[in-house]
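The values are calculated or read from the model by the stated rules, or taken from the named source; none is laboratory data. Note that the coordinates shown come from a computational prediction; the quantities given were computed from them, not determined experimentally. Glycine also receives a Cβ, built like all others from the backbone with ideal geometry; neighbour counts cover every protein chain displayed. SASA here: full protein model, heavy atoms, side chains in, ligands and nucleic acids out. Shrake-Rupley method; radii C 1.70, N 1.55, O 1.52, S 1.80 Å.
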Amino acid sequence: MITVLGPTASGKTRFAAHLAYRINAEIISADSRQVYRGMNLGTGKDYEDYLVNGRQIPWHLIDIKEPGYHYNLYEFQKDFQEAFRNIKSRGKQVILCGGTGMYIEAVVKGFKILEVPVNINLRETLERKSMDDLIAMLGSYRHLHNVSDTSSRPRLVRAIEIEEYQQRQKAIENIFPELKSLVIGLNVDRDTRRERITNRLKDRLNSGMVYEVKQLLEKGLSPEELIFYGLEYKYLTLYVTGKLKYDEMTTQLNTSIHQFAKRQMTYFRKMERQGVQIHWLDTSLGLEKMMDEALKLLEGYN
């Protein structure tokens, strides 16, 4: 398997699609939000990137759940394995592509996953608590040695949900196989990354991202459900519901996306420290030179 990772706005999808075109591969998405239908601009589903020289590159694990559903790591592992077997059975190569580090690491390392169902009542209770309250609550169950559990509100909620479940009954453990993968990272210098993020946000706002959020709310999603997905959906929902002015929304959202990209890179560096070899390609080389470097790596890897 080949894995393509990188921070937001690094051009992962376009690169992976061109690589898939060259090696007759299909792409499995490793993005925790692109699984939801109708959440397109906010999650950066660049469908046009999958069309390479007139050929549609097949993708998997995009648009598979309805908005409002709480997709989790365990489900991703199961869905990935099914897609992986399906692609391999047809004699194709597999490219895992995305920016959700935990999803990628779980596949590459074969994480032991706990099968714990979503507890809607508990989540509604936790929604009223602050981040500090949630961290303290999780700390009451166990020592907080896993920093990633406290890195975002959704992860905190899920960690508490698992601990609560295990208080009542033993969760079923599933061990997924560790997969041998050539991991390619797209490295964008900080200034270029910041420029790309800001320009992409402007483009998506001009393309109707506010309207997308309004549509999701009109279809019955509550503001709280959309805010749960963070970043674009958090700040756009706050704007649409009158909690933020437009300029406040764009400024705060832009800053949050920059911070998110930094956290992504921190996670990828942590993966390297823990034994995952990432072959970084400099995006300033341009697509064709990056493709040549990737094919050389693949030739040496095989």
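Has the range 108-115 got at least one residue that is more than 20 Å from residue 161 (Cβ to Cβ) and either open to solvent by less than 40 Å² (accessible area, probe 1.4 Å) or part of a strand (DSSP E or B) (or both)?
Yes, the range 108-115 contains a residue that is more than 20 Å from residue 161 (Cβ to Cβ) and either open to solvent by less than 40 Å² (accessible area, probe 1.4 Å) or part of a strand (DSSP E or B) (or both).
Working carefully through the options 214, 243, find the one that is at pLDDT 95 or above and part of a loop (DSSP other than H, G, I, E, B).
Every option except 243 fails the conditions.
Does the range 286-296 include one or more residues that are out of contact with any helix residue (DSSP H, G or I) (no Cβ under 8 Å at 6 or more places or on another chain), assigned to a helix (DSSP H, G or I), among the aliphatic types (A, V, I, L, M) and touching a residue at least 60 places away in the same chain (Cβ under 8 Å)? Steps first, answer last, please.
Here is the first cut: in the range 286-296, the ones out of contact with any helix residue (DSSP H, G or I) (no Cβ under 8 Å at 6 or more places or on another chain) are 286, 288-289, 292, 296.
Filter again for assigned to a helix (DSSP H, G or I), leaving 288-289, 292, 296.
Applying the additional criterion that residues be among the aliphatic types (A, V, I, L, M) yields none.
So far as the range 286-296 goes, no, none of its residues is out of contact with any helix residue (DSSP H, G or I) (no Cβ under 8 Å at 6 or more places or on another chain), assigned to a helix (DSSP H, G or I), among the aliphatic types (A, V, I, L, M) and touching a residue at least 60 places away in the same chain (Cβ under 8 Å).
Does residue 234 fit the bill of being in a helix (DSSP H, G or I) and over 27 Å from residue 19 (Cα atoms)? Give the steps one after another, and end with the answer.
Working: in a helix (DSSP H, G or I): yes; over 27 Å from residue 19 (Cα atoms): yes.
Yes: the conditions hold for residue 234.
Restricting to the range 34-59, what's the tally of residues that are touching an Asp or Glu at 6+ places or on another chain (Cβ under 9 Å) and open to solvent by less than 40 Å² (accessible area, probe 1.4 Å)? Full working, then the answer.
Residues of the range 34-59 that are touching an Asp or Glu at 6+ places or on another chain (Cβ under 9 Å), as a first pass: 34-45, 57-59.
With open to solvent by less than 40 Å² (accessible area, probe 1.4 Å) added as a condition, the list becomes 34-36, 38-39, 42-45, 57.
The qualifying residues number 10.
Could you please find all residues in the range 70-96 being closer than 14 Å to residue 31 by Cβ and either at pLDDT 95 or above or open to solvent by 40 Å² or more (accessible area, probe 1.4 Å) (or both)?
79, 80, 83, 95, 96
Pairs needed: first member in the range 154-166, over 17 Å from residue 120 (Cβ atoms) and among the basic types (Lys, Arg); second member anywhere, open to solvent by 10 Å² or more (accessible area, probe 1.4 Å) and part of a helix (DSSP H, G or I); C-beta distance under 9 Å; at least 6 residues apart or different chains.
Qualifying pairs under 9 Å: 155/102; 155/148; 155/149.
Anything in the range 8-33 that is among the polar types (S, T, N, Q), open to solvent by 10 Å² or more (accessible area, probe 1.4 Å) and more than 13 Å from the chain's Cα centre (by Cα)? List them, or say none. Spell out the reasoning first.
Kept after step one, since they are among the polar types (S, T, N, Q), are these residues of the range 8-33: 8, 10, 13, 24, 29, 32.
Within this subset, residues satisfying the condition of being open to solvent by 10 Å² or more (accessible area, probe 1.4 Å) are 8, 13, 24, 32.
Matches in the range 8-33: 24 only.
Listed here are the residues, each with its yes/no results for (1) in contact (Cβ under 8 Å) with a residue 40 or more places away in the chain; (2) open to solvent by less than 20 Å² (accessible area, probe 1.4 Å).
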site: 246; (1), (2): no, no
site: 260; (1), (2): yes, no
site: 268; (1), (2): yes, yes
site: 280; (1), (2): yes, no
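Please identify the pairs in which a residue from the range 30-58 that is among the aliphatic types (A, V, I, L, M) has its Cβ atom under 8 Å from the Cβ atom of a residue that is surrounded by fewer than 15 Cβ atoms within 10 Å (Cβ to Cβ), counting only partners at least 6 apart or on another chain.
Between residues of the range 30-58 that are among the aliphatic types (A, V, I, L, M) and residues that are surrounded by fewer than 15 Cβ atoms within 10 Å (Cβ to Cβ), the close pairs are 41/207; 41/208; 57/51.
Using beta carbons and a limit of 6 Å, which pairs, at least six apart or on different chains, have the first residue in the range 194-213 and closer than 19 Å to residue 67 by Cα and in contact (Cβ under 8 Å) with a residue 60 or more places away in the chain and the second one among the aliphatic types (A, V, I, L, M) and open to solvent by 30 Å² or more (accessible area, probe 1.4 Å)?
Hits for this filter: 209/41; 212/41; 213/240.
What single numbered condition from (1) buried (at least 17 other Cβ atoms within 10 Å of the Cβ); (2) touching a Pro at 6+ places or on another chain (Cβ under 7 Å) fails to hold for residue 212?
That leaves (2) as the condition not met.
Tally the residues that are over 19 Å from the mean Cα position of the chain (by Cα) and either surrounded by 13 or more Cβ atoms within 10 Å (Cβ to Cβ) or of a type in the set (A, V, I, L, M, F, W, C) (or both), restricting the search to the range 216-230. Step through it out loud before you land on a result.
Restricting attention to the range 216-230, the residues satisfying the condition of being over 19 Å from the mean Cα position of the chain (by Cα) are 216-224.
Subsequent filtering for residues that are either surrounded by 13 or more Cβ atoms within 10 Å (Cβ to Cβ) or of a type in the set (A, V, I, L, M, F, W, C) (or both) retains 216-217, 221, 223.
Here the count works out to 4.
Report, by residue number, each residue of the range 26-59 that is in a loop (DSSP other than H, G, I, E, B) and of a type in the set (Ser, Thr, Tyr). If you could, list the steps in order and put the result at the bottom.
Of the range 26-59, the ones in a loop (DSSP other than H, G, I, E, B) are 30-35, 37-46, 53-54, 57-58.
Of everything in the range 26-59, those that are in a loop (DSSP other than H, G, I, E, B) and of a type in the set (Ser, Thr, Tyr) turn out to be 32, 43.
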